[in-house]
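The next block holds one structure in the form of structure tokens; read it before the comments.
The values are calculated or read from the model by the stated rules, or taken from the named source; none is laboratory data. If you're wondering where the values come from, they're calculated on a predicted model, not measured in any experiment. Cβ placement follows ideal geometry from the backbone for every residue including glycine, while neighbour counts extend to all protein chains displayed.
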Amino acid sequence: MSRLAEMHFDKIGSLFEDENGSYSIGECLTPSLIWQLRDELEIIDRGPFDQESQYFYSMIAAFVAHAKEFYLGPHIFFAPTPDSSQYPYWASFKEAVGRWRTFGSIFGDSKNRLSFCIAGDFLSEMVPRLISTGPFVLSHPDLHCGNIFVDDDFNITSIIDWSSASTGPLTELLAIPERNDSFLPPKESLVAAFRSGFCQGGQTIEPEQWRTADKIWHFTRLVRMLSVQDYVHFKALYDIVYEKDADDIPQVFYERSKDERGRALYAELLQDEMEWEAKEEQTRKKEEDNDRYVNKSEEPAIAMKLKLMSEMNHNFIADKRLWQWIEKALRPADSTESCVQLAENIDPIGK
């Protein structure tokens, strides 16, 4: 990686070879702009870019367009997918996943999409704080263990899959590569080992560039939507950028959703959702709909209660605290009694 930092370019984009064997910087083929069907988004500017800000705004635009137009799957902004490393037992993790899925199925597609769009607004406001003073360098956008070959002595022999490589800010190269289990930030020991490689390579990296690289680490994982921990990455980035430990982010999102632009956008998303559901209803069997929760436990009742609480409490987050609390609340009693107790006493903040 330190050797890539030695090659400087005047634009952000991807390398293209002409018929004479010469290379030039063309449109940017970074995953944020072309993966997950984003190559079909004609309105996205793919460069090449002369400035970092143009590059970041383009990635944010692709992120928002994805939220508006494409299937979001497991991405629920204020309900990050349970992470197995945060649960002491596999059974607890599986129960949390089941409750998360049930909650997600009734949460509301348009409301969730609106949260991603509002996140895009916040990201755009952060762009001036993401810009660095370093050169544009070539970086590998999908560097993980599966793309790194080592010998018996753990010396790196080759790195494969450069298809989406592009030039970009130096801080993008300085952001530590993702692991296959990228739910959590890398350990400090791994960060130190990665950064030491640049020092050994003779590079002089300023402290501010490392701090910006930390921001880019979360920014990239959020706008690519490759992690199902969208809120986790957003909060971490928000806290780093504004140097605070914010505990009211859902409330701030709610306030933006109620301004003129937020209401208009929600109406647009809601209309799209209604049209989509009308089309789906034509092909959906009524038996499947009626039997959706047949023979289930108390999960549908819990999910409905959580949905109600999310509407009442504008600072609601369905994260690990909530799922662990529910498991603890249900453990001492039988299902029926526990469900009643939960409905009466559940903490709407999700703690």
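Brief remarks on what is shown
- Residues that are more than 14 Å from PHE116 (Cα to Cα) and part of a helix (DSSP H, G or I), drawn from segment 246-260: GLN251, GLU255, GLU260
- Taking the criterion of being at pLDDT 95 or above and aromatic (Phe, Trp, Tyr), the only residue of segment 79-121 that qualifies is PHE116.
- Qualifying residue in segment 299-318 (condition: of a type in the set (S, T, N, Q), under 30 Å from GLN251 (Cα atoms), assigned to a helix (DSSP H, G or I) and modelled with pLDDT under 85): no
- Here is the figure for segment 196-231: residues that are surrounded by fewer than 18 Cβ atoms within 10 Å (Cβ to Cβ) and of a type in the set (Lys, Arg) total 1.
- For segment 160-183, a tally of residues being surrounded by fewer than 13 Cβ atoms within 10 Å (Cβ to Cβ) and either closer than 22 Å to SER132 by Cα or modelled with pLDDT under 80 (or both) returns 2.
- Checking each residue in segment 24-34 for being in contact with a Lys or Arg (Cβ under 7 Å, 6 or more places away or on another chain) and assigned to a loop (DSSP other than H, G, I, E, B) picks out GLU27, CYS28.
- Set GLY104, GLY73, GLY146: member being without any contact (Cβ under 8 Å) to a residue 40 or more places away in the chain, assigned to a helix (DSSP H, G or I) and under 20 Å from the mean Cα position of the chain (by Cα): GLY104
- Of all residues in segment 35-56, exactly one satisfies the criterion of being under 16 Å from the mean Cα position of the chain (by Cα) and at pLDDT 95 or above, namely PHE56.
- Condition check for SER92: without any contact (Cβ under 8 Å) to a residue 12 or more places away in the chain, touching a helix residue (DSSP H, G or I) at 6+ places or on another chain (Cβ under 7 Å), among the small types (Gly, Ala, Ser) and not assigned by TED's automatic domain parsing to the domain that holds LEU306: no
- Failed item, numbered, when THR220 is tested on (1) in a helix (DSSP H, G or I); (2) without any contact (Cβ under 8 Å) to a residue 60 or more places away in the chain; (3) under 21 Å from PHE136 (Cα atoms): (2)
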